[in-house]
Amino acid sequence: MTFTDLTDLASRLLGGGVVAANDEFFAAMDNLVNPAPSEFETWTYGPKGKVYDGWETRRRRSPGHDWAIVRLGAPGHIHGVVVDTAHFTGNFPPYVSLDAVALPGHPSPADLAAATWTELLPKSPVKGDARNHFALTPGPRYTHVRLNIYPDGGVARLRVHGVAEPDPALLHGLTVNLAAMELGAVVAGCSDMFYGSPGNLLLPDRARQMSEGWETARRRVPGNEWVLVRLATPGRVRLIEFDTTHFKGNAPGEASLRATSDPGLHSWWDLLPRTPVQPDTRHFFRVDAADAASHVRLDIYPDGGAARLRLWGESVVPGV
């Protein structure tokens, strides 16, 4: 099992959104950042033709190309993108490119149109009904990307993989969730994720159902399951929230949490000793950590699932 320390910065789960597009005649631009895979049903037709779970423009009859601007839910450093043309076979764009920009605050479409954009991906060929992967050289922190398609067509999803970087001005002096994916926390290791991804533990909002959490297979050998989390920023944890909502017959019996600031992850201390936990319950544990942590390890005994892990505390990075 390997972990890339990358997050889909554009995901709707983190607040990403498509703020503008020059055309969305056949299918809505908002579908681009839907976290679920694109679906296809042969019988779905509307007044404008086949209904696609993606973004689709009309056939272009003039020079130029079509585009859509995406606000990253978690601004950060972009390492790669996936242009997913699932189900677009005779109507996908043969070429795409990607630009990016960093703007403060909450820019309007007009502000974005007037901005100076940086090309991250030059005009490149793509295949239809395929997940087209493009590795990029990470650079500065960006807040928005612009997907260009040549000349027109449909794209099901856009995934913008990278490392989130919070705005220091929004964190300084505040108590924040140090384990928030939208601030840059990532899962750096895990013993098992048979039924559900451990990254779900770090998502914002509350899980709506069991599939939106982390769940392991049933353990048949001695030991226990665990998740390693690199915090968004080193900080002192004050409150642990361990949420087993929706996990009723498959919640762990006990849980513990250890922390470290050791770059080699060798020296650990207890944030929460091994403690009984309940099914379908939001647990809160007040702690008063004297030391700042960069990583935490959640252990569950012996196995099971959880919906969310939140670690409220203060950043100790200067200026953050």
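Observations, loosely collected:
- Number of the condition not met by GLY173 [criteria: (1) touching a strand residue (DSSP E or B) at 6+ places or on another chain (Cβ under 9 Å); (2) under 22 Å from SER315 (Cα atoms); (3) surrounded by fewer than 16 Cβ atoms within 10 Å (Cβ to Cβ); (4) not assigned by TED's automatic domain parsing to the domain that holds THR244]: (4)
- Counting only strands (runs of 3 or more DSSP E) that fall entirely inside the range 97-164 and contain at least 3 residues that are farther than 11 Å from VAL82 by Cα, the qualifying elements are 118-125, 142-150, 157-164.
- Boolean, PRO279 is assigned by TED's automatic domain parsing to the domain that holds LEU202, surrounded by 15 or more Cβ atoms within 10 Å (Cβ to Cβ) and within 19 Å of THR175 (Cα to Cα): no
- Some residue of the range 198-206 being farther than 16 Å from GLU241 by Cβ and surrounded by fewer than 19 Cβ atoms within 10 Å (Cβ to Cβ): no
- Considering ARG141, ARG157, the condition of being touching a Lys or Arg at 6+ places or on another chain (Cβ under 9 Å), touching a residue at least 60 places away in the same chain (Cβ under 8 Å) and in the same structural domain as THR57 (by TED's automatic domain parsing) is satisfied by ARG157 alone.
- Enumeration of residues in the range 73-109 that are within 20 Å of ALA36 (Cβ to Cβ) and surrounded by fewer than 18 Cβ atoms within 10 Å (Cβ to Cβ): VAL82
- Number of the condition not met by ARG141 [criteria: (1) out of contact with any Gly (no Cβ under 8 Å at 6 or more places or on another chain); (2) surrounded by 14 or more Cβ atoms within 10 Å (Cβ to Cβ)]: (1)
- A single member of PRO273, PRO279, PRO252, PRO263 is of a type outside the set (A, V, I, L, M) and part of a strand (DSSP E or B), and it is PRO273.
- Candidate set: the range 240-249, residues that are part of a loop (DSSP other than H, G, I, E, B) and of a type in the set (Val, Ile, Thr); chosen: the one surrounded by the most Cβ atoms within 10 Å (Cβ to Cβ): THR244
- Looking at ASP84, ASP66, just one residue is modelled with pLDDT of 95 or more, among the charged types (D, E, K, R) and more than 20 Å from the chain's Cα centre (by Cα), and that residue is ASP66.
- The range 28-46 - residue that is polar (S, T, N, Q) and part of a loop (DSSP other than H, G, I, E, B) and, of those, modelled with the highest pLDDT: ASN34
The values are calculated or read from the model by the stated rules, or taken from the named source; none is laboratory data. Everything numeric in this text was worked out from a predicted model, so none of it was measured. Positions of Cβ are backbone-derived with ideal geometry, glycine not excepted, and every protein chain shown enters the neighbour counts.
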